[in-house]
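Structure first, commentary second.
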Amino acid sequence: MESKDYLKDISEIKDLMNKSSRFISLSGLSGILAGIYALIGATIAYWLVTTSVRGYLILDGTIFRICFAILLGVAFLSIVTGIYLTTKKAKKNNEKIWDSSSKRLLFNFLVPLITGGIYILIILNQERYGHTAALMLIFYGLALVSASKYSIGDIKYLGFTEIILGLICALIPSYGFWFWVLGFGVMHIVYGTWMYFKYDKN
Amino acid sequence: MSIINNINKAFDHRIRLGIMSILMVNEYADFNMLKELLDVTDGNLASHTKALENVEYIKVEKQFIGRKPNTRYSTTKLGALEFKKHIDALEKLINKQ
């Protein structure tokens with residue numbers, strides 16, 4: 001009879017440790033939408049490049065600037081959607097959105113991500129753009145893995161997937177665009193759907 | 001008998017165990033955070049934190065944020081060690097049966 005009490009103690013300890021240190025309100029739906037934005041952005045960029053005079057991308061053309069703007073737009077929309085849906089979900093579950101666990105989550109996510117972003121801008125400036133897609137995937141994956149310690153859900157696996165895609169992409173950089181579409185578009189939708197059905201649906 | 005000896009009397013209460021669990025995975029936690037997570041009254045929580053403080057398992061820092069007093073708690077090295085021993089002892093007890 002005593003051992004049952006101890007078992008209960010242990011499970012309570014585990015529960016409290018999770019609740020107090022992990023941010024559990026990341027919304028699955030925002031993953032799906034981020035994936036859709038990425039696919040729409042990629043489609044527009046693809047259409048622009050293939051119908052342009054040259055038919056491929058060069059670094060200082062107008063089309064490159066438009067593609068860059070699309071990229072920023074996709075990132076911006078994804079972030080805004082993510083914040084909005086996550087806030088909404090947190091309110092529904094009576095959780096605080098801005099506590100020590102979400103701060104830690106954000107910090108651990110942003111350090112690798114910003115490092116990668118700056119690095120990519122530097123090498124773009126040196127006109128070495130062949131590995132841009134691979135680097136984006138790798139650094140984004142690292143950011144997810146680093147943040148995963150502070151969130152439940154299986155964000156870690158999405159992170160590993162992105163890293164592996166990025167590494168394969170580095171081997172065949174000419175397919176960079178397609179890997180980008182797969183990593184940021186398709187994978188987000190797959191992961192978001194999975195999370196949605198696992199955690200959000202009720 | 002040695003296993004039973006490691007079961008720590010200071011942790012022999014749901015709320016004390018809860019306080020330690022939270023502090024083990026957080027650098028620190030303030031009074032309100034503990035209160036919300038453990039779902040206890042002020043007085044109840046205060047008496048249990050006091051008990052843990054007296055055996056020097058947790059450290060208490062009082063400070064002001066603006067004008068509001070704020071009390072935050074963290075584990076001491078001794079507290080963390082004793083908590084680990086306690087959990088190991090619990091596990092052994094469960095596995096034995």
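For region A:149-164, indicate whether the set of residues that are more than 28 Å from B:Val25 (Cα to Cα) and over 12 Å from the mean Cα position of the chain (by Cα) is non-empty. Yes, region A:149-164 has at least one match.
For region B:1-25: of the residues being modelled with pLDDT under 80 and of a type in the set (S, T, N, Q), which is farthest from B:Lys84 (Cα to Cα)? Before the answer, list the steps.
Start the filter on region B:1-25 by keeping residues that are modelled with pLDDT under 80, which leaves B:1-10, B:12.
Still in the list and also of a type in the set (S, T, N, Q): B:2, B:5-6, B:8.
Numbers: B:Ser2: 16, B:Asn5: 14, B:Asn6: 10, B:Asn8: 10 Å.
That would be B:Ser2.
Kindly provide the set of residues from region A:133-180 that are surrounded by 20 or more Cβ atoms within 10 Å (Cβ to Cβ) and more than 20 Å from A:Ile114 (Cα to Cα), ordered by number. Those that are surrounded by 20 or more Cβ atoms within 10 Å (Cβ to Cβ) and more than 20 Å from A:Ile114 (Cα to Cα): A:Gly153, A:Cys169, A:Gly176, A:Phe179. Among the residues of region A:83-95, the one identified as over 22 Å from the mean Cα position of the chain (by Cα) and surrounded by 14 or more Cβ atoms within 10 Å (Cβ to Cβ) is A:Glu95. Take region B:74-97 and flag every residue that is over 14 Å from the mean Cα position of the chain (by Cα) and either in contact (Cβ under 8 Å) with a residue 12 or more places away in the chain or more than 14 Å from chain A (Cβ to nearest Cβ) (or both). If the condition is that a residue be over 14 Å from the mean Cα position of the chain (by Cα) and either in contact (Cβ under 8 Å) with a residue 12 or more places away in the chain or more than 14 Å from chain A (Cβ to nearest Cβ) (or both), then B:Asp88, B:Ala89, B:Leu90, B:Lys92, B:Leu93, B:Lys96 are the ones that fit. Within region B:22-73, the set of residues being within 19 Å of B:Asn8 (Cα to Cα), in a strand (DSSP E or B) and in contact (Cβ under 8 Å) with a residue 24 or more places away in the chain comprises B:Ile58 only. All told, B:Ala29 falls short of being within 14 Å of chain A (Cβ to nearest Cβ), over 20 Å from A:Asp99 (Cβ atoms), among the small types (Gly, Ala, Ser) and surrounded by 15 or more Cβ atoms within 10 Å (Cβ to Cβ). The single condition from (1) surrounded by 14 or more Cβ atoms within 10 Å (Cβ to Cβ); (2) free of Cβ contacts under 8 Å to residues at least 60 places away in the same chain; (3) outside any helix (DSSP H, G or I) that A:Gly130 fails is (1). Tallying residues that are within 14 Å of another protein chain (Cβ to nearest Cβ), surrounded by fewer than 16 Cβ atoms within 10 Å (Cβ to Cβ), of a type in the set (A, V, I, L, M, F, W, C) and part of a helix (DSSP H, G or I) within region A:98-127 yields 1.
Yes/no per residue for (1) over 19 Å from A:Asp99 (Cα atoms); (2) touching a Gly at 6+ places or on another chain (Cβ under 8 Å); (3) facing another protein chain (nearest Cβ under 9 Å); (4) exposed (fewer than 11 other Cβ atoms within 10 Å of the Cβ):
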{"site": "B:Asp12", "(1), (2), (3), (4)": "yes, no, no, no"}
{"site": "B:Met33", "(1), (2), (3), (4)": "no, no, yes, no"}
{"site": "B:Val40", "(1), (2), (3), (4)": "yes, no, no, no"}
{"site": "B:Ile58", "(1), (2), (3), (4)": "yes, yes, no, no"}
{"site": "B:Ile65", "(1), (2), (3), (4)": "no, no, no, yes"}
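Elements of the type helices (runs of 4 or more DSSP H) sitting completely within region A:1-97 and holding at least 3 residues that are modelled with pLDDT of 85 or more and hydroxyl-bearing (Ser, Thr, Tyr): these cover A:28-50, A:62-92.
The values are calculated or read from the model by the stated rules, or taken from the named source; none is laboratory data. Given the structure is predicted, the values throughout are model-derived calculations rather than measurements. All Cβ positions, glycine included, derive from the backbone under ideal geometry; neighbour counts span all protein chains shown.
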